[in-house]
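Peer 1: Sharing a structure with you now.
The values are calculated or read from the model by the stated rules, or taken from the named source; none is laboratory data. Values in this document were obtained by computation on a predicted structure and should not be read as measured data. For neighbour counting, all protein chains shown are included, and Cβ atoms are generated from backbone atoms with ideal geometry for every residue, glycine included.
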């Protein structure tokens, strides 16, 4: 994982940089925004940027937009809620207070990077699936990983890379659902200086950054069908064309794609290219939802409990049997990701060494038919858009503002959710603020 830090390292920001290094990340440094843009264009893949509030945050965000670069910016500065709010208003996605707390930064890096490479399971079906994955990893074939959001598709992709002959090469990921359509092409293929207004330097795209390694195309079904043709050509010809370029650039990349949609149905609806599907689906892996792996629920819950107890510098906490039983009977529409976030919250809010039922904030399950009918009939008389808005806002409140988890539960892309929230905010609707990881606790 590569991170860029912008600002002077002579003060508290330097201490933050040392903590990030100690946690195993590769750290690059830029003294100014101009220097930072040049580094980002030449590197091709930064997981995120940590920028001092002494720099011009809004200017950095605008420069990234002009270069069609999609890298999250995390502001860093004094522990002042006014400064933090101002940084986020200027485009930063989160805020790290200074002086830096090693535990907070460690938890933040884990949450932001999502670079997990161990698939924890005790379920017999999943163990059998992982044995198949070991065989798949040894080949050089393209892989299509399918399953609901939050089941662990990216973890499987990273595992395949680490078990492959390309393990010493780079693993580069592109979330097709998280980026505006106008940025995906530049992110994939890069661009030459002057390719468009704002392109002040050559930009190395994800394909080139992944050369001799693996490129993960996360949620490939969200990619615009016009761009799918260019992707297909790049995979077939093993070369890419930078935007504004005059000659093709050869690349040696293994492709792993993921999707939470039924791609055959997408093909029938003419939203996904059939030839691209067959090119990607040389080998397929389907990950079952958590509700079909009931044995994994208490196992994973206890794993997350111990992990987040350690991250938060708390004594080891265990989950009571009554609470585990409740977790087993919940359907987990957000799958493992939702379970992890739910346990994380329970660890933080629990006061003792035992996490009991009342520490878990889960919607009550209505098994009675008449309860369901009553719930549905209460919406009669409302317009569809009003029901949709209420559902989205309620789900976002349930996830404490975590956009990724809410999108998983709702079954929509993070991009679609953000567009809806932007629309609601413009109408004056009170939208829950973004989940701020441990910096809010």
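Each row is one residue, and each column tells you yes or no for (1) under 21 Å from the mean Cα position of the chain (by Cα); (2) modelled with pLDDT of 95 or more; (3) within 17 Å of residue 181 (Cα to Cα).
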site	(1), (2), (3)
202	no, no, no
210	yes, no, no
218	yes, no, yes
221	yes, no, yes
224	yes, no, yes
236	no, no, no
242	no, no, yes
246	no, no, no
261	yes, no, no
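Peer 1: Now for a separate question. Condition first: without any contact (Cβ under 8 Å) to a residue 40 or more places away in the chain, crowded, with 21+ Cβ neighbours inside 10 Å and under 20 Å from the mean Cα position of the chain (by Cα). Now tell me which residues in segment 81-96 satisfy that.
Peer 2: Passing the criteria: none in range.
Peer 1: I've got another one for you. All but one of (1) touching a residue at least 40 places away in the same chain (Cβ under 8 Å); (2) crowded, with 21+ Cβ neighbours inside 10 Å; (3) in contact with a helix residue (DSSP H, G or I) (Cβ under 9 Å, 6 or more places away or on another chain); (4) not in a loop (DSSP other than H, G, I, E, B) hold for residue 13; state the number of the condition that does not hold.
Peer 2: Tallying (1) touching a residue at least 40 places away in the same chain (Cβ under 8 Å); (2) crowded, with 21+ Cβ neighbours inside 10 Å; (3) in contact with a helix residue (DSSP H, G or I) (Cβ under 9 Å, 6 or more places away or on another chain); (4) not in a loop (DSSP other than H, G, I, E, B), residue 13 fails exactly one: (3).
Peer 1: Something else about it: Just wondering, is there one or more residues in segment 61-74 that are farther than 22 Å from residue 181 by Cα and either surrounded by fewer than 18 Cβ atoms within 10 Å (Cβ to Cβ) or not assigned by TED's automatic domain parsing to the domain that holds residue 176 (or both)?
Peer 2: yes
Peer 1: Give segment 374-397 a look and list any residue that's at pLDDT below 75 and either surrounded by 11 or more Cβ atoms within 10 Å (Cβ to Cβ) or part of a helix (DSSP H, G or I) (or both), or say none.
Peer 2: 374, 375, 376, 377, 379, 382
Peer 1: Does any residue of segment 44-58 turn out to be in a loop (DSSP other than H, G, I, E, B), within 29 Å of residue 213 (Cβ to Cβ), without any contact (Cβ under 8 Å) to a residue 24 or more places away in the chain and assigned by TED's automatic domain parsing to the domain that holds residue 95?
Peer 2: No, because not a single residue in segment 44-58 is in a loop (DSSP other than H, G, I, E, B), within 29 Å of residue 213 (Cβ to Cβ), without any contact (Cβ under 8 Å) to a residue 24 or more places away in the chain and assigned by TED's automatic domain parsing to the domain that holds residue 95.
Peer 1: Please give the number of the condition residue 78 fails out of (1) surrounded by 15 or more Cβ atoms within 10 Å (Cβ to Cβ); (2) at pLDDT 80 or above; (3) not assigned by TED's automatic domain parsing to the domain that holds residue 234.
Peer 2: (1)
Peer 1: Filter segment 408-428 down to the residues that are over 17 Å from residue 181 (Cβ atoms) and either in the same structural domain as residue 262 (by TED's automatic domain parsing) or surrounded by 14 or more Cβ atoms within 10 Å (Cβ to Cβ) (or both) and list them by number.
Peer 2: Within segment 408-428, 408, 409, 410, 421, 424 qualify.
Peer 1: So how many residues does segment 132-147 have that are modelled with pLDDT under 90 and in a loop (DSSP other than H, G, I, E, B)?
Peer 2: Counting residues in segment 132-147 that are modelled with pLDDT under 90 and in a loop (DSSP other than H, G, I, E, B) gives 2.
Peer 1: What helices (runs of 4 or more DSSP H) lie completely within segment 199-278 and have 2 or more residues being within 20 Å of residue 69 (Cβ to Cβ), in contact (Cβ under 8 Å) with a residue 24 or more places away in the chain and in contact with a helix residue (DSSP H, G or I) (Cβ under 7 Å, 6 or more places away or on another chain)?
Peer 2: Once the helices (runs of 4 or more DSSP H) in segment 199-278 are filtered for at least 2 residues that are within 20 Å of residue 69 (Cβ to Cβ), in contact (Cβ under 8 Å) with a residue 24 or more places away in the chain and in contact with a helix residue (DSSP H, G or I) (Cβ under 7 Å, 6 or more places away or on another chain), what remains is 206-209, 225-237.
Peer 1: Would you be able to say whether some residue in segment 148-156 is under 16 Å from residue 215 (Cβ atoms), in a loop (DSSP other than H, G, I, E, B) and in the same structural domain as residue 218 (by TED's automatic domain parsing)?
Peer 2: No - not one qualifying residue is present in segment 148-156.
Peer 1: Do you know which residues across segment 1-10 are surrounded by fewer than 22 Cβ atoms within 10 Å (Cβ to Cβ) and in a loop (DSSP other than H, G, I, E, B)?
Peer 2: 1, 8, 9, 10
Peer 1: In this structure, is residue 265 closer than 22 Å to residue 178 by Cβ, in the same structural domain as residue 134 (by TED's automatic domain parsing) and either modelled with pLDDT of 90 or more or surrounded by 22 or more Cβ atoms within 10 Å (Cβ to Cβ) (or both)?
Peer 2: When the stated conditions are applied, residue 265 does not pass them.
Peer 1: How many of the residues making up segment 19-38 are in contact with a strand residue (DSSP E or B) (Cβ under 9 Å, 6 or more places away or on another chain), assigned to a helix (DSSP H, G or I) and farther than 15 Å from residue 61 by Cα?
Peer 2: 2
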